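Chemist: For reference, the structure I am asking about is given below.
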Amino acid sequence: MDRSLELGVIVDCLELDDDSRKAVEYELRSYYLVPTIQTIYSIREEFGFLYWSVDTDRGPKAFIMRDSIIGQVRQVGPGRWLIIDINQTRYEVRNFERLDEHSQELLNRYLLL
């Protein structure tokens, strides 16, 4: 079977039964590999770059992004942000309000949310 062949389109995952929805979400997480930021330990600014130290749903990560946040940070929903590092790796903040106070403060300071 040709895996590139489109078999169908899922309009809304919430319309699927629980097992099917979980299977689709698992495959999407595996394919797109977008770690969700859960805690921000530090953001350090140096020579036009921001150096991040974070904890994600996939473990601790360190990454670098350009200081010019235009194009590297996108709001994808209320309180939900996509952050793109210098290697085009994407990180997601799913719910700004659920982050601890220190993480929220760092995001506000460096990304001007």
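Just so it is clear, none of the values below were taken in a lab; they were calculated from the coordinates. Remember, it's a predicted structure, so these values are computed and weren't measured experimentally. Positions of Cβ are backbone-derived with ideal geometry, glycine not excepted, and every protein chain shown enters the neighbour counts.
Chemist: Put +1 on the Cβ of every Lys and Arg and -1 on every Asp and Glu Cβ in the chain; which of Gly8, Pro35, Tyr110 then has its Cα farthest towards the positive end of the dipole?
Modeler: Among Gly8, Pro35, Tyr110, the one farthest towards the positive end of the dipole of the chain is Tyr110.
Chemist: Using all Cα-Cα distances in the chain, what percent lands in each 5 angstrom bin from 0 up to the longest?
Modeler: 2, 10, 18, 22, 17, 10, 9, 7, 4, 1, 0
Chemist: Is it possible to state the helix-based mean residue ellipticity at 222 nm for the chain, with each DSSP H run of 4+ residues giving -39500 (n - 2.57), the sum divided by total residues, to the nearest 500 deg cm²/dmol? What is it? It would help to have the intermediate numbers written out before the result.
Modeler: Working: 2 runs with 26 residues, N = 113.
Taken over the chain, the calculation gives -7500 deg cm²/dmol.
Chemist: Enter the angle in degrees (range 0 to 90, nearest 10) between the Cα long axis of helix 101-111 and the first principal axis of the Cα atoms of the chain, meaning the one along which they spread out most.
Modeler: Approximately 80 degrees, to the nearest ten.
Chemist: What distance in nm separates the two pseudo spin-label positions at Ile64 and Asn95, each 7 Å out from Cα along the beta-carbon direction?
Modeler: So the label points at Ile64 and Asn95 sit 3.4 nm apart.
Chemist: Which of these, Arg21, Arg58, Arg80, has the largest mean-square fluctuation under a Gaussian network model of the chain (Cα springs below 10 Å)?
Modeler: Fluctuation is largest for Arg21.
Chemist: Further question on the same structure: Rank Ile83, Ile43, Ile70 by mean-square fluctuation in a GNM of the chain with C-alpha springs under 10 angstrom and give only the top-ranked residue.
Modeler: Answer for the Gaussian network model of the chain: Ile70.
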